[in-house]
Structures are given as C-alpha cells and as structure tokens.
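Submitted below is the structure of interest, expressed as structure tokens.
The values are calculated or read from the model by the stated rules, or taken from the named source; none is laboratory data. Note that the coordinates shown come from a computational prediction; the quantities given were computed from them, not determined experimentally. Neighbour counts run over all protein chains shown; Cβ positions are idealised from the backbone, glycine included.
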Amino acid sequence: MPELPEVETVRRTLNTLIPGKKIDRVTVKLPRILQKPDDPGLFTARLEGRTFQSVERRGKFLRMVLDGLVLVSHLRMEGRYGVYSEDEPVEPHTHVIFHFTDGTELRYKDVRQFGTMHLFLPGEEFQAPPLNKLGLEPLDEGFTLDAFKKAIGKRTTKIKPLLLNQEVIVGLGNIYVDEALHTAGIHPERAADELKPKEIDRLYHAILDTLSAAVEAGGSSIKSYVNGQGEMGLFQHRLRAYGRTGEPCEICGSLIEKSVVGGRGTHICPSCQKGPKRTANSQTIIKPRTHAVKRRLDGGTR
C-alpha cells in the first residue's frame, strides 16, 4: 500500500500536471470506487465543467481541489493516477477517466479495486469520514516533539501498532515504521508508555528523517508503486530493515530477522533493537539461512 512518501510523490507530480485543466466529462467504469456520492450519474454531473485548482494531501489521502468541490481519493493497495492524451489506448483496470477539454485525460487505474473517491464541498471534507479522525501529520509544522510525546506517551499499546494507527499519526505504514524503529533502535513490541524520553526523542527524529528521505527519493517502489508519471521511486535501495531478512544490519552486522507484530510482517535487528521476550502474537516466521548470509558477507548479491 502506498504510504505517506508515495502519496506525497503522487501529489507533487499531479500538482504539475492537472491544475488549470477543465473537466469536460467523466467516465466511471467501476461504480463501487465511488463512495460519496455513490451514484455514478450524480458523481459525474457534479464534476462536469469543474477545473482542478491544486492537489493536496492529508495522510495517505489525496485532496484534489476543484472550483467549488474537493475530491478525496485513497489509492489503497495499488491505485494509480496518470495523465494521458485522449488518443492513447486505455489500459486494463482503468476505472475512472476525467476527460479534459484540452484533449488530455486523468485516468485512475486500480488492479485490486480497493481505491475510494469522495466528493465534498470545500471544508466539509475535514468534518466527515474518511478525514475527520486522522491524527498528527508528520511533515506538518504541528508535528512537534511535544505533540508526538502527547500522542504516544501514556499509551500501553505496543509501539509498532500504535504508529500504524492513523488516528494517532497519519501516513505511516509497515515499511516506514520498520525503518524508523530500526533507526531509533527501538523494538516494535516495546510498550509506548515504557519508552524513555531519550528514546521518544530518537523515534521522533527517526520518523522525520525517514519520511523526508523517502519523499526526496520519490518513495519506495515496493511491488507496483509508481508516481503520477509512471516513474518508480528509489527509496527501496536505502532500506535498512524492511525486506532485508537474513541480511547483515548495516549498523552492527547482526542478521535482520522477520517476525509478526500486531498481525504485520516486521523486520528488526535483534542486537540494535532490544525488546521483550517473544509472545504468542510475535513469532519469527523467517530465519536467516547460513549459506545465504555467508554469500552476502563475502560480497555476493542480495
């Protein structure tokens, strides 16, 4: 699923492509993507003649601002936007097409068909689902160390599931939580209220540094993510924990382990991230293989 850096990259790309474009008509091929209104006829009628003003973001949601309306879009697992000439063939799994008056089109493609779209009057999008219960925005000025401490400090929840809770902090998903916890040297099963002040400080800066670096690199092209111009992100080449099971930790050389925490695959360095003993909710599901590790340590490929 695209996380904050990927959605931010899509936002920045689309913000260079669609502002000023006027919608002539809209084609909806998969009505269930529409959530508000859920009637394709009403959805398309409300958009016809509107002009895109800007593309903003709240957490993992795109806020596509038009004159008099806001389209809130969630990419979910594999949703993609792209701008095309109307003469270009329409790819399979393209479910919504915004036809512009200049002969170009904004197309929404979603192989898994989990994406959603909501239409609101300006300002109303923050008062109703899906945006009304979202937590702190990590790249916003309001995401201060004090705000972060208040958000997590007194909670008894394990730190990884807490960071994944979009009502606490928005935009963080499995990849960047693993990376931030590894950078901060904090085990994902540690309870939030047991973290020391210096650990919270390290985690706060690790979140900022990880997300900022990922945005700069255009996100991580894990599986099928691409931005609004069909380009892949590059941050996956900088990952230190996620997806590196059995490889040496770049900090201490210990082998990265994969376990399950809160139902999510989790990657840690057992030396850098000391934590509680494993419980029934956290079991190692992939262990390093000696021959593979020896090959990597000898300079072989991953």
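Among all residue pairs at least 6 apart or on different chains, which show Cβ distances below 8 Å where the first residue, located in the range 104-121, is assigned by TED's automatic domain parsing to the domain that holds D67 and assigned to a loop (DSSP other than H, G, I, E, B) and the second is of a type in the set (D, E, K, R) and at pLDDT below 95?
Pairs found: V111/E78; R112/R76; R112/E78; F114/R76; F114/E78; G115/R76.
Got at least one residue in the range 36-52 being closer than 25 Å to N165 by Cα, in contact with a strand residue (DSSP E or B) (Cβ under 9 Å, 6 or more places away or on another chain) and at pLDDT 95 or above?
Yes: the range 36-52 contains one or more residues that are closer than 25 Å to N165 by Cα, in contact with a strand residue (DSSP E or B) (Cβ under 9 Å, 6 or more places away or on another chain) and at pLDDT 95 or above.
Being under 17 Å from L4 (Cα atoms) and either out of contact with any helix residue (DSSP H, G or I) (no Cβ under 8 Å at 6 or more places or on another chain) or buried (at least 18 other Cβ atoms within 10 Å of the Cβ) (or both): is that true of T104 here?
Spelling it out, it is not the case that T104 is under 17 Å from L4 (Cα atoms) and either out of contact with any helix residue (DSSP H, G or I) (no Cβ under 8 Å at 6 or more places or on another chain) or buried (at least 18 other Cβ atoms within 10 Å of the Cβ) (or both).
While we're looking at this one, here's another question. Considering only the range 141-198, state which residues are of a type in the set (A, V, I, L, M, F, W, C), outside any helix (DSSP H, G or I) and within 26 Å of C252 (Cβ to Cβ).
Across the range 141-198, the qualifying residues are L172, I186, A191, L195.
Is there a residue being closer than 20 Å to R12 by Cβ, outside any strand (DSSP E or B) and either more than 17 Å from the chain's Cα centre (by Cα) or aliphatic (A, V, I, L, M) (or both) anywhere in the range 83-90?
no
Here's a follow-up. Quick one: I222 ticks every box in (1) modelled with pLDDT of 95 or more; (2) of a type in the set (A, V, I, L, M, F, W, C); (3) surrounded by fewer than 21 Cβ atoms within 10 Å (Cβ to Cβ) bar one, so which box is it?
Here I222 clears every test but (1).
Let me ask another. What residue, among those in the range 1-37 that are among the hydroxyl-bearing types (S, T, Y) and surrounded by fewer than 18 Cβ atoms within 10 Å (Cβ to Cβ), is nearest to G173 (Cα to Cα)?
The extreme case among them is T16.
Kindly evaluate T9 against the criterion of being of a type in the set (S, T, N, Q) and modelled with pLDDT of 90 or more.
No: the conditions fail for T9.
Could you figure out which of (1) touching a helix residue (DSSP H, G or I) at 6+ places or on another chain (Cβ under 9 Å); (2) aliphatic (A, V, I, L, M); (3) farther than 15 Å from L62 by Cα; (4) touching a residue at least 60 places away in the same chain (Cβ under 8 Å) isn't true of A184?
(4)
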